[in-house]
1. Search region 72-93 for residues that are aromatic (Phe, Trp, Tyr) and pair each with any residue that is surrounded by 12 or more Cβ atoms within 10 Å (Cβ to Cβ) and modelled with pLDDT of 85 or more when their beta-carbon atoms are under 9 Å apart and the residues are at least 6 apart or on different chains.
2. Working only within region 200-236, note down all residues that are over 11 Å from the mean Cα position of the chain (by Cα) and of a type in the set (Asp, Glu).
3. What residue, among those in region 205-237 that are touching a residue at least 60 places away in the same chain (Cβ under 8 Å) and assigned to a loop (DSSP other than H, G, I, E, B), is surrounded by the fewest Cβ atoms within 10 Å (Cβ to Cβ)?
4. Restricting to region 150-163, give me the number of residues that are in a helix (DSSP H, G or I) and surrounded by fewer than 23 Cβ atoms within 10 Å (Cβ to Cβ).
5. How about region 116-149: which of its residues are buried (at least 21 other Cβ atoms within 10 Å of the Cβ) and among the hydrophobic types (A, V, I, L, M, F, W, C)?
6. So is Glu200 surrounded by 14 or more Cβ atoms within 10 Å (Cβ to Cβ), out of contact with any Ser or Thr (no Cβ under 9 Å at 6 or more places or on another chain) and either free of Cβ contacts under 8 Å to residues at least 60 places away in the same chain or not basic (Lys, Arg) (or both) or not?
7. Please work out which one of (1) in contact with a Ser or Thr (Cβ under 6 Å, 6 or more places away or on another chain); (2) within 16 Å of Leu181 (Cβ to Cβ); (3) free of Cβ contacts under 8 Å to residues at least 24 places away in the same chain is the condition Ile99 fails and give its number.
8. Scanning for something buried (at least 18 other Cβ atoms within 10 Å of the Cβ) and within 15 Å of the chain's Cα centre (by Cα), does region 180-196 turn up at least one residue?
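The values are calculated or read from the model by the stated rules, or taken from the named source; none is laboratory data. Computed from a prediction, not measured in an experiment: that's the story for all the values here. Note that we place each Cβ from the backbone using ideal geometry, even for glycine, and neighbour counts take in every protein chain shown.
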Amino acid sequence: MKQSHKSEFRLLRRFTSRNDNNALSETGKYVYIYLPQKFQEIIDEERRIYYIESMKEIYPEKPKVFKNQWTKNDIFWCTLLTILCIACFPVNPLVLFGILVTGHNQIAYIIGWVVWVFGMVLVIAPIIMFPRRGGVEKGKSFVHTTRLVDTGIYSIVRHPQYLGGIFAIFITTILWYPHWLFCVLGVVGAVVVYMSCREEDQRLILQFGEDYKNYMQKVPGMNFLIGIIRLIQRRKK
C-alpha cells in the first residue's frame, strides 16, 4: 500500500470494523470513495467477514441432527397399518359388537396366548434396549437413537417390534377368533408390515450409512428362524 493511502485506509477501518450494524458512517463513505479500487475490495471483504462472524455470534450454528422425514408412502402405510391393527386387535371390536360371529377352539385359544406373550416381548424389547444402548438423549423418546443397536434381539432380527406386532395382533386374533376375514386381514397386515420395514430400512441407511448396510447383510429383517441360524454361525466363527 502506498504511503499516501495508509492514513485514509486506517481511518476507514475505524469506521467499518467496529460498527455494530456493519454500515459505513458518513465520514467513512467519504473516505471510501477516494480509495483505489483495490483497497475498496479489501474493505468490502473485511466488512463481509465481520458481518458473517457477527451473525454467528447472534445465531450460533446448531449441531446437525438426523430427523426422520415422513414421505407420502410412510403416511399411507402407517394409516393402512393402523386401520388393520384396529380391525384385527385381539380385544376385537368386530366380535365384541356382534358384527362377526366366530368359532372357538380351546387349543388354538391357548396357543394364541403363548403367541401373544411372545409378540409383546418383541414389542417391548426396543423400549428397554434403545435408551441403554442406542445413545438416546435424556428426556427424548426411545426411538431417537444416535447409535446403531445390533446386540440382543437386534442380533437376530432388525425389526423386532414389527415382527412382534404380527404375532401379538394378526396371528393371535386368528387363533382366538377363527374366521376367514381375520385370515385375509392378517395376510394383508403382514404385507403392509413388510413394506413398512423396507421404508424403515431406507431411513436407517440415511442415518447410519454403511454400518447399517453391513448390518442388513448379517441380520434378516423379520425372519426369526434364519436370524437364530445366522447368529449361531457367526458365534462359531
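1. Final answer for the pair search is Trp77/Val192; Trp77/Val193; Trp77/Met195; Trp77/Ser196; Trp77/Glu199; Phe89/Ile169; Phe89/Thr173.
2. Glu210, Asp211
3. Result: Asn223.
4. Qualifying residue count for the region: 6.
5. Leu122
6. Spelling it out, Glu200 is indeed surrounded by 14 or more Cβ atoms within 10 Å (Cβ to Cβ), out of contact with any Ser or Thr (no Cβ under 9 Å at 6 or more places or on another chain) and either free of Cβ contacts under 8 Å to residues at least 60 places away in the same chain or not basic (Lys, Arg) (or both).
7. If we test Ile99 against (1) in contact with a Ser or Thr (Cβ under 6 Å, 6 or more places away or on another chain); (2) within 16 Å of Leu181 (Cβ to Cβ); (3) free of Cβ contacts under 8 Å to residues at least 24 places away in the same chain, just (1) comes out false.
8. Within region 180-196, one or more residues are buried (at least 18 other Cβ atoms within 10 Å of the Cβ) and within 15 Å of the chain's Cα centre (by Cα).
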